[in-house]
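FYI, it's all coordinate maths here, none of it is from the lab. Since the structure is predicted, the reported quantities are computational estimates derived from the model, not experimental observations. For neighbour counting, all protein chains shown are included, and Cβ atoms are generated from backbone atoms with ideal geometry for every residue, glycine included.
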Amino acid sequence: MDFEFIKTNLEKKGYKVSCFETKEEAAAYLNGQIDGVSVGCGGSMTVKEMGLADLLRTHNDFKWHWEGADRMEAFATDVYLSSVNGISERGEIVNIDGLGNRLAGTLYGHKKVYLIVGKNKIADDLEGAMWRARNVAAPKNAIRFNVKTPCVASGGAKCFDCRSPERICKALLVFWERPDGIPDTEVVLINEDLGY
């Protein structure tokens, strides 16, 4: 995939952008960039599939609430890692969350944020990125968490905008561009399908 168009659009919106062909190349880059600091991570299947946590924890203080860290410990770190649920070719970034910790982590409190994006997350436009976040990423995550929601009951067919008490998609964040005053944010584009 030619990332030049989306890279240029993201740079115009205030992001640093790095592009890689493989998850191994991206993991090696991030492992070299992040050294001797505290690192937090939300529930990212992309980070897990890259093996990035194992690499980083050898020379960083890595806090991942999946592995016993309190969500506030992951929030109070120097560096924060997250994937996205959808991103448009024009550079709009979309994330959905149930608790808000991952959304907050991309907005505030860190010196550096890395948004790690597999090519499967890219949509033509903002509407497509939002559709993908709601109808691809959210149902797959609901299935992974084994919650009782209509999207799980349907086999992950789509979002039903449900009122289930176990609903995991309660907050939506759209970056039209990088807001003033948020942490230094770098988008890492990877030419592989990663995460949901």
Row for segment 73-189, column shape: gyration tensor on C-alpha, a ≥ b ≥ c, rounded if a/c < 1.5 i.e. under 1.5, prolate if a/b over b/c, else oblate; value oblate
When the chain is treated as a Gaussian network with springs between alpha carbons less than 10 Å apart, the largest mean-square fluctuation among P139, P165, P150 is found at P165
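Compute the signed sum of charges (Lys and Arg +1, Asp and Glu -1) over the other residues within less than 14 Å, Cβ to Cβ, of I182.
Its environment carries a net charge of +1.
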Note on segment 16-108: contact order normalised by length, alpha-carbon pairs under 8 Å, 6 or more apart, percent, works out to 28
For K121, counting only aspartates and glutamates whose alpha-carbon sits under 13 Å away and dropping same-chain residues fewer than eight positions off, the answer is E89, E92, E192, D193
When H110, H59, H65 are ranked with the fewest other C-beta atoms within 10 Å first, the list becomes H59, H65, H110
Taking a crude spin-label model, label points 7 Å out from Cα along the C-beta direction, the S154 to K170 distance in nm is 2.2
Simple spin-label estimate for E25/Y108, 7 Å along Cα→Cβ, in nm, reads 3.7
Placing each pseudo-label 7 Å from Cα in the direction of the beta carbon, M72 and E127 end up separated by a distance in nanometres of 4.3
Taking C151, C169, C162 and counting other beta carbon atoms within 10 angstrom, the fewest-first order is C162, C169, C151
